[in-house]
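Everything on this sheet refers to the single structure shown next.
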Amino acid sequence: MATIFSKIIKGEIPGDIVYRDDQITAFRDIDPQAPTHILIVPNKEIPTVNDVNPEDEATLGHMFSVAKRIAEKEGIAQTGYRLLVNCGRDANQEVLHLHMHLFGGRQLGPMIMRK
Ligand code: DGP
């Protein structure tokens with residue numbers, strides 16, 4: 001079954017798409033945690049980082065250069081931003097289609113919640 005992100009990528013359900021090419025689609029998170037909160041998603045359905053193969057390396061590297069360009073476009077390249085990829089249960093990964101979060105536009109605080 002297609003993931004919710006595949007449906008957005010294919011245009012089957014709406015998404016606020018900010019970037020797309022043959023490898024990657026980026027769209028605004030439905031529940032933003034920061035003024036800029038964008039999801040950068042490979043068009044290929046890779047469930048989690050645990051499922052990454054060597055053939056995916058070019059796409060995963062491309063995600064960083066797209067993240068940089070989106071950050072510039074959003075006007076947060078100089079103030080800073082956070083890129084985050086959740087994997088599995090302990091990271092609270094909700095959508096099993098690998099994605100990079102791009103957060104910015106405010107002071108983001110510590111990297112993770114302290115115990
Ligand atoms: P994660 O926990 O890393 O799997 O984050 C999943 C994110 O996906 C979460 O921040 C909410 C977002 N999300 C879930 N469903 C949708 C949707 O239908 N549209 C959009 N734009 N974002 C979604």
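What are the equivalent ellipsoid semi-axes of segment 1-54, built from the alpha-carbon gyration tensor (square roots of five times its eigenvalues), in whole angstrom, biggest first? Walk me through the numbers before you get to the answer.
On the way: eigenvalues 71, 38, 25 Å².
Computed over segment 1-54, the values are 19, 14, 11 Å.
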* **Residue-normalised accessible area of the chain, given per residue in Å² at a 1.4 Å probe** => 65 Å²
* **Simple spin-label estimate for residue 23 and residue 58 in nanometres, 7 Å along Cα-Cβ** => 0.7 nm
* To do: Could you work out the local net charge near residue 15, counting Lys and Arg as +1, Asp and Glu as -1, over the other residues with Cβ closer than 11 Å to its Cβ?
  => +1
* Candidate aspartates and glutamates for bridging to residue 7, where Cα separation is under 13 Å - those fewer than 8 sequence places away on the same chain excluded -> 16, 45
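For segment 1-70, give the magnitude of the charge dipole about the Cα centre (Cβ charges: +1 Lys/Arg, -1 Asp/Glu; no others), in debye to the nearest 20.
Working: 7 positive and 11 negative charges, 54 e Å.
In total the dipole reaches around 260 debye.
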* Across every pair of different alpha-carbon atoms, what Kirkwood hydrodynamic radius in Å does segment 17-111 reach? -> 13.7 Å
* Asked: Ignoring any ligand, DNA or RNA, what whole percent of the accessible area of the chain comes from carbon and sulfur when the probe is 1.4 angstrom?
  -> 53 percent
* **Reciprocal mean inverse distance between Cα atoms of segment 64-109 - Kirkwood radius, Å** => 11.6 Å
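The values are calculated or read from the model by the stated rules, or taken from the named source; none is laboratory data. Since the structure is predicted, the reported quantities are computational estimates derived from the model, not experimental observations. Here Cβ is always computed from backbone atoms with ideal geometry, including for glycine, and neighbour counts include all displayed protein chains. Accessible surface is based on the protein model in full, side chains and every heavy atom, while ligands, DNA and RNA are left aside. Shrake-Rupley method; radii C 1.70, N 1.55, O 1.52, S 1.80 Å.
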